[in-house]
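Below is one structure, written out as structure tokens, with a few remarks after it.
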Amino acid sequence: MASEPPVGAAERYRPNRFVSLPAELDRSTFDVPPESRRAEAERLAIRARLKRQYQLQLNNPNPPPVIENPALTRWVYARTHNVYPTFRPTPKTSFLGLVFGLGPLIFWAAVFKLERDHKEKLIKEGKYERPLSVF
């Protein structure tokens with residue numbers, strides 16, 4: 001009788017609904033096209049180069065006054081200076097733009113108008129003395 005070949009960990013693994021599948025056992029990561037592998041390798045090379053540059057600055061015996069983290073600089077640029085290529089107008093962002101753009105203007109206009117109307121009413125009733133105005 002021929003014995004069956006040993007069963008590997010990938011075949012014995014049963015997915016658990018409470019735990020995600022490890023990347024080593026996920027079948028969707030086995031057949032990755034060469035372009036995406038190349039792109040991932042480029043990204044990893046860039047990260048390694050930036051990390052090495054930062055480590056060289058950090059461990060320099062004569063450090064510069066300001067140690068610049070190039071990865072952090074790139075992140076800040078992408079977060080603040082490069083917003084519009086990744087911004088998508090949605091109803092929520094439009095509403096927030098109106099609230100924070102026009103909201104304070106309308107609020108302060110209403111406050112000043114109500115204060116002026118209240119003062120004018122008191123002046124007409126004779127309960128408010130206008131301060132001396134030179135002009």
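Six or more apart or on different chains, Cβ under 8 Å: which pairs go from a residue in the range 44-55 that's within 14 Å of W75 (Cα to Cα) to one that's part of a helix (DSSP H, G or I) and open to solvent by less than 90 Å² (accessible area, probe 1.4 Å)? Could you list them?
R47/A71; L50/P70; L50/A71; K51/A71
What number of residues in the range 63-109 are modelled with pLDDT of 90 or more and either open to solvent by 100 Å² or more (accessible area, probe 1.4 Å) or under 30 Å from I46 (Cα atoms) (or both)?
Residues flagged as modelled with pLDDT of 90 or more and either open to solvent by 100 Å² or more (accessible area, probe 1.4 Å) or under 30 Å from I46 (Cα atoms) (or both) within the range 63-109 amount to 9.
Within the range 23-62, work out how many residues are of a type in the set (D, E, K, R), open to solvent by less than 70 Å² (accessible area, probe 1.4 Å) and more than 30 Å from R12 (Cβ to Cβ).
0
Would you be able to say whether some residue in the range 85-107 is in contact (Cβ under 8 Å) with a residue 12 or more places away in the chain and over 30 Å from E11 (Cα atoms)?
No.
The values are calculated or read from the model by the stated rules, or taken from the named source; none is laboratory data. Just so you know, these numbers come straight off a predicted model, no measurement behind them. Using ideal geometry, Cβ is built from the backbone for each residue, glycine included, and neighbour counts are taken over all protein chains shown. Ligands, DNA and RNA are stripped out before the accessible areas are found, and what is left, the full protein with its side chains, is counted by its heavy atoms. Shrake-Rupley method; radii C 1.70, N 1.55, O 1.52, S 1.80 Å.
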